[in-house]
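*Asks:* Sending over a structure as structure tokens; questions will come in a sec.
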Amino acid sequence: MALPALPGSGVQFRRILAHFPQELSLAFAYGSGVFRQAGAAPSQSVHNMLDFVFAVDDSVTWHMMNLLKNRSHYSFLKLFGPKQISNIQSCGAGIYYNTLVQCNGRMIKYGIIGTDALIEDLFHWKTLYVAGRLQKPVKILTQNENGKLQAALLSNLKSAVTAAFLMLPESFSEEDLYMQIAGLSYCGDFRMIIGEDRSKVLNIVKPNVPHFQKLYSNILQECPQVVYKHQLGRLEIDKSPEGQFMQLMALPRTLQQKITSFVDPPGKNRDVEEVLLKVAHDPDCGLVVHQGISGIVRSSSLIQSSKTILTAGLFKILDLLLNAWTSCFMIQRKKS
């Protein structure tokens with residue numbers, strides 16, 4: 001994560017961060033305003049919205065302090081106070097976004113998530129909402145010495161590699177792996193159909209392969225089930241039923257449960273290990289894993305998007321819809 005992001009971003013991020021309460025266990029910036037994406041002109045990134053996530057130990061206290069400093073960032077929900085805002089935050093993906101905020105000369109969006117909720121998502125993929133963002137390169141701005149959080153961040157990366165292995169063939173390129181990983185959090189996300197450019201994953205990976213390597217090379221080198229030919233940029237994995245069973249057993253708990261609910265007929269009530277053993281022998285094992293991930297992402301993305309109506313407010317919603325429509329129009333125009 002120490003690789004350079006877009007030029008000059010470091011000082012700007014620190015200036016923006018100074019506008020907020022500093023009681024943060026983790027803060028990171030992500031998206032096209034931080035890392036270059038394919039097809040975008042170098043000057044375009046200066047105008048892109050900057051996206052942030054702040055993890056906090058006590059959401060009620062943090063919102064209370066932020067309301068004192070940045071009351072205008074909030075929608076009408078500020079009238080109900082920090083406790084109610086925190087209650088709304090806990091719904092769905094457990095994150096509360098203030099969007100279309102002018103800060104230090106840039107348009108920003110920032111989400112607040114409880115540290116415990118973040119750790120649970122990283123370990124177990126309860127929603128894959130913030131965990132999915134942290135499977136791609138991000139710019140870490142601050143991080144405290146919470147050992148459990150650090151372990152959860154590493155566990156999330158290992159889980160992303162394992163899930164990608166199950167959906168890839170026996171031999172594949174490094175870029176194929178990063179494409180698969182970057183696409184995990186978009187599986188089942190309705191925004192990829194109605195609002196986002198479908199080539200988004202390719203645009204994220206192509207110019208940022210070194211950033212992905214920085215995240216994953218140590219994990220790949222230490223993984224006993226893969227032959228990592230780093231100089232050639234290729235990998236080979238064990239696709240035997242035994243190998244796939246080991247990978248399935250290493251998946252996050254929520255994904256194992258989703259896979260079990262897809263495969264196990266009603267009334268059978270077999271245990272998770274028995275179902276995963278059956279999936280390991282299935283030629284469509286990768287498809288089953290994909291369905292499980294889609295089930296997690298679909299529900300969390302729908303709930304989180306519906307929360308936007310409350311957290312952003314009417315005028316900001318209309319602005320977001322206009323921007324989404326404009327993006328779709330431009331994409332279709334390029335294709336034609």
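*Asks:* Just to be sure before I move on: is Thr311 surrounded by 17 or more Cβ atoms within 10 Å (Cβ to Cβ), at pLDDT below 80, under 29 Å from Gln89 (Cα atoms) and β-branched (Val, Ile, Thr) in the structure I sent? Please lay out each step first, then the result.
*Replies:* Working: surrounded by 17 or more Cβ atoms within 10 Å (Cβ to Cβ): yes; at pLDDT below 80: yes; under 29 Å from Gln89 (Cα atoms): yes; β-branched (Val, Ile, Thr): yes.
The answer is yes for Thr311.
*Asks:* Of the residues Ala182, Ala152, Ala164, which single one is modelled with pLDDT of 90 or more, of a type in the set (A, V, I, L, M, F, W, C) and touching a Lys or Arg at 6+ places or on another chain (Cβ under 6 Å)?
*Replies:* Details: Ala152 fails: touching a Lys or Arg at 6+ places or on another chain (Cβ under 6 Å); Ala164 fails: touching a Lys or Arg at 6+ places or on another chain (Cβ under 6 Å).
Result: Ala182 is the single residue among Ala182, Ala152, Ala164 that is modelled with pLDDT of 90 or more, of a type in the set (A, V, I, L, M, F, W, C) and touching a Lys or Arg at 6+ places or on another chain (Cβ under 6 Å).
*Asks:* Another question, if that's okay. Among (1) assigned to a loop (DSSP other than H, G, I, E, B); (2) modelled with pLDDT of 85 or more, there is one condition Arg36 misses while meeting the rest; what is its number?
*Replies:* (2)
*Asks:* For Phe28, which of the numbered conditions (1) on the phi < 0 side of the Ramachandran plot; (2) modelled with pLDDT under 95; (3) not aliphatic (A, V, I, L, M) fails to hold?
*Replies:* (2)
*Asks:* Which one of these is in contact with a Pro (Cβ under 7 Å, 6 or more places away or on another chain), under 30 Å from Gln213 (Cβ atoms) and either surrounded by 15 or more Cβ atoms within 10 Å (Cβ to Cβ) or at pLDDT below 70 (or both): Ala280, Ala250? Let's see the steps before the verdict.
*Replies:* On the way: Ala250 fails: in contact with a Pro (Cβ under 7 Å, 6 or more places away or on another chain).
Going through Ala280, Ala250 in turn, just one is in contact with a Pro (Cβ under 7 Å, 6 or more places away or on another chain), under 30 Å from Gln213 (Cβ atoms) and either surrounded by 15 or more Cβ atoms within 10 Å (Cβ to Cβ) or at pLDDT below 70 (or both): Ala280.
*Asks:* Tell me, yes or no, whether the stretch 211-219 has at least one residue that is small (Gly, Ala, Ser), modelled with pLDDT under 95 and closer than 29 Å to Val279 by Cα. Break it down into steps so the answer makes sense when it comes.
*Replies:* Step one: of the stretch 211-219, the residues small (Gly, Ala, Ser) are 217.
So of that shortlist, the ones also modelled with pLDDT under 95 come out as 217.
Imposing the further condition that a residue be closer than 29 Å to Val279 by Cα reduces the set to 217.
Checked the stretch 211-219: at least one residue is small (Gly, Ala, Ser), modelled with pLDDT under 95 and closer than 29 Å to Val279 by Cα.
*Asks:* Which residue pairs have Cβ atoms under 7 Å apart, sit 6 or more places apart or on different chains, and have a first residue in the stretch 264-291 that is more than 13 Å from Gln244 (Cβ to Cβ) and a second that is at pLDDT below 95 and small (Gly, Ala, Ser)?
*Replies:* none
*Asks:* Residues that are hydroxyl-bearing (Ser, Thr, Tyr): find the helices (runs of 4 or more DSSP H) completely inside the stretch 125-244 holding 2 or more of those. First the steps, then the outcome.
*Replies:* On the way: elements: 129-133, 147-167, 174-183, 191-194, 200-205, 209-222.
Once the helices (runs of 4 or more DSSP H) in the stretch 125-244 are filtered for at least 2 residues that are hydroxyl-bearing (Ser, Thr, Tyr), what remains is 147-167, 209-222.
Here is a yes/no grid of residues against (1) in contact with a helix residue (DSSP H, G or I) (Cβ under 9 Å, 6 or more places away or on another chain); (2) closer than 20 Å to Leu302 by Cα; (3) surrounded by 24 or more Cβ atoms within 10 Å (Cβ to Cβ); (4) hydrophobic (A, V, I, L, M, F, W, C):
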site	(1), (2), (3), (4)
Asp57	yes, no, no, no
Met64	yes, no, no, yes
Lys83	yes, no, no, no
Ser86	yes, yes, no, no
Gly105	yes, no, no, no
His124	yes, yes, no, no
Leu128	yes, yes, yes, yes
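*Asks:* Still on this structure: What about Lys83, is it in contact with a Phe, Trp or Tyr (Cβ under 9 Å, 6 or more places away or on another chain) and in contact (Cβ under 8 Å) with a residue 12 or more places away in the chain? Give the steps one after another, and end with the answer.
*Replies:* Values: in contact with a Phe, Trp or Tyr (Cβ under 9 Å, 6 or more places away or on another chain): no; in contact (Cβ under 8 Å) with a residue 12 or more places away in the chain: yes.
Judged against the criteria, Lys83 is not a match.
*Asks:* Let me ask something additional. For Thr61, work out the one condition from (1) under 24 Å from Arg133 (Cα atoms); (2) without any contact (Cβ under 8 Å) to a residue 60 or more places away in the chain it doesn't fulfil.
*Replies:* Among (1) under 24 Å from Arg133 (Cα atoms); (2) without any contact (Cβ under 8 Å) to a residue 60 or more places away in the chain, the lone unmet condition for Thr61 is (1).
*Asks:* If you scan the stretch 66-75, which residues turn out to be within 24 Å of Gln143 (Cβ to Cβ) and surrounded by 15 or more Cβ atoms within 10 Å (Cβ to Cβ)? Explain how you work it out, then say what you get.
*Replies:* Going residue by residue through the stretch 66-75, those that are within 24 Å of Gln143 (Cβ to Cβ) are 66, 69-70, 73.
Asn66, Asn70, His73 - these are the residues of the stretch 66-75 that are within 24 Å of Gln143 (Cβ to Cβ) and surrounded by 15 or more Cβ atoms within 10 Å (Cβ to Cβ).
*Asks:* How about the stretch 271-304: which of its residues are within 27 Å of Cys91 (Cβ to Cβ), in contact with a helix residue (DSSP H, G or I) (Cβ under 7 Å, 6 or more places away or on another chain) and of a type outside the set (A, V, I, L, M, F, W, C)?
*Replies:* His290, Gln291, Gly292, Gly295, Ser300, Ser301, Gln304 - these are the residues of the stretch 271-304 that are within 27 Å of Cys91 (Cβ to Cβ), in contact with a helix residue (DSSP H, G or I) (Cβ under 7 Å, 6 or more places away or on another chain) and of a type outside the set (A, V, I, L, M, F, W, C).
*Asks:* Cβ-Cβ under 6 Å, sequence separation 6+ or interchain: first residue in the stretch 169-197 and on the phi < 0 side of the Ramachandran plot and surrounded by fewer than 20 Cβ atoms within 10 Å (Cβ to Cβ), partner at pLDDT 90 or above and part of a loop (DSSP other than H, G, I, E, B). Which pairs?
*Replies:* Matching pairs, first to second residue: Glu170/Lys239.
*Asks:* Output the qualifying pairs, or none if there are none: Cβ atoms under 9 angstrom, residues six or more apart or on different chains, first residue in the stretch 101-126 and on the phi < 0 side of the Ramachandran plot and among the polar types (S, T, N, Q), second residue part of a loop (DSSP other than H, G, I, E, B) and surrounded by 20 or more Cβ atoms within 10 Å (Cβ to Cβ).
*Replies:* Thr115/Ser25
The values are calculated or read from the model by the stated rules, or taken from the named source; none is laboratory data. Remember, it's a predicted structure, so these values are computed and weren't measured experimentally. No Cβ is skipped: glycine too gets one built from the backbone with ideal geometry, and neighbour counts run over all protein chains shown.
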